[in-house]
Amino acid sequence: LLCSLEHALGAFTPAPEGFDFVVQRGVWAGIPIRGAGSYRRAPESSLQVEMSLGPPFEPMTLDPEADPWAKGHFEYQATRLGPWKIRGISGQFRTSGSTLRLEKSALQLDPVGAIEGNAEVALGSELELPYRIEFQVRKMDLVDLSVSYGREKELLSGRLLGAGVVTGRLHEGLPLFSDAEGVLTLHAREGKIQRELPPFVAIAVASDRFDPFRDRDEIPYSAIDLVGRLEKRRLHSESLSLDA
């Protein structure tokens, strides 16, 4: 429900204690819509909306995309991306106007595993380069992920799946995610939690009655689900649940 309304054509009309509006056409979450509604502040606050959804699976934009002036395949070998140990990045690229798109890309982690996704960078400014990254993780081992991040001790094990969207601006001399914002979801399954992870342990042993693992160094779990918000290089959890 948090998707923006793109390429909208319509009108707002002032009315006593509110306004009326008509959306002749628009694209919301990739679905064409049209509709009308009204808002009134008195005698009590009320909002009425009538919307008609078009067929699904239509492109997000109503305008035809310009033909790319360059496209192809890229492969970049590297050993580091910030704190991460990697083997390289590969994928496809397209450039239309001043926009660079990286598609079907994969960040290969070291020793194993990959983060897949798409990225878009606007190249029109000399001072900053706005970007948008969409990524997903498919059945990665959390132990391998910890090794890639440079942690020698295993704190959390299990299978990891996840996805996210991050937006920000590239500035010369600043880290990639210096002003990044975004939302991501992470899902871990069938693993173990070390006691050195206080937030998870606090949830798992919240009840003495159902705590058969009090004297162990690790606690088995069946599911961890996290919905988080990335802001100012920190991850804030919107919701965190653990089944253990």
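The values are calculated or read from the model by the stated rules, or taken from the named source; none is laboratory data. Here the structure is a predicted model, which means the values were calculated and not measured. All Cβ positions, even for glycine, are placed from backbone atoms using ideal geometry, and neighbour counts span all protein chains on display. Remember, those area values only see protein heavy atoms, side chains included, never the ligands or the DNA or RNA. Shrake-Rupley method; radii C 1.70, N 1.55, O 1.52, S 1.80 Å.
Here are the numbers for this structure:
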| quantity | calculated |
| --- | --- |
| Pairs where the first residue, in region 224-244, is touching a residue at least 24 places away in the same chain (Cβ under 8 Å) and farther than 26 Å from Arg132 by Cβ and the second is surrounded by 13 or more Cβ atoms within 10 Å (Cβ to Cβ) and among the hydroxyl-bearing types (Ser, Thr, Tyr), C-beta under 7 Å, 6+ apart | Leu242/Tyr221; Ala244/Tyr221 |
| Every residue from region 116-139 that is free of Cβ contacts under 8 Å to residues at least 24 places away in the same chain and either surrounded by 15 or more Cβ atoms within 10 Å (Cβ to Cβ) or closer than 19 Å to Leu170 by Cα (or both) | Glu116, Gly117, Asn118, Ala119, Glu120, Ser125, Glu126 |
| Near pairs, Cβ below 7 angstrom, 6+ apart or cross-chain, from region 151-165 (closer than 16 Å to Ser222 by Cα and in a loop (DSSP other than H, G, I, E, B)) to any residue that is among the aliphatic types (A, V, I, L, M) and at pLDDT 85 or above | Ser157/Leu142; Ser157/Val143; Gly158/Leu142; Gly158/Ala188 |
| Residue in region 33-41 that is open to solvent by 80 Å² or more (accessible area, probe 1.4 Å), modelled with pLDDT of 85 or more and in a strand (DSSP E or B) present | yes |
| Residue under evaluation Gly158, criteria (1) modelled with pLDDT of 85 or more; (2) within 16 Å of Leu145 (Cβ to Cβ); (3) open to solvent by 40 Å² or more (accessible area, probe 1.4 Å), criterion not met | (3) |
| Residue satisfying all of: in region 95-134; more than 20 Å from Val165 (Cα to Cα) and in a strand (DSSP E or B); modelled with the highest pLDDT among these | Thr95 |
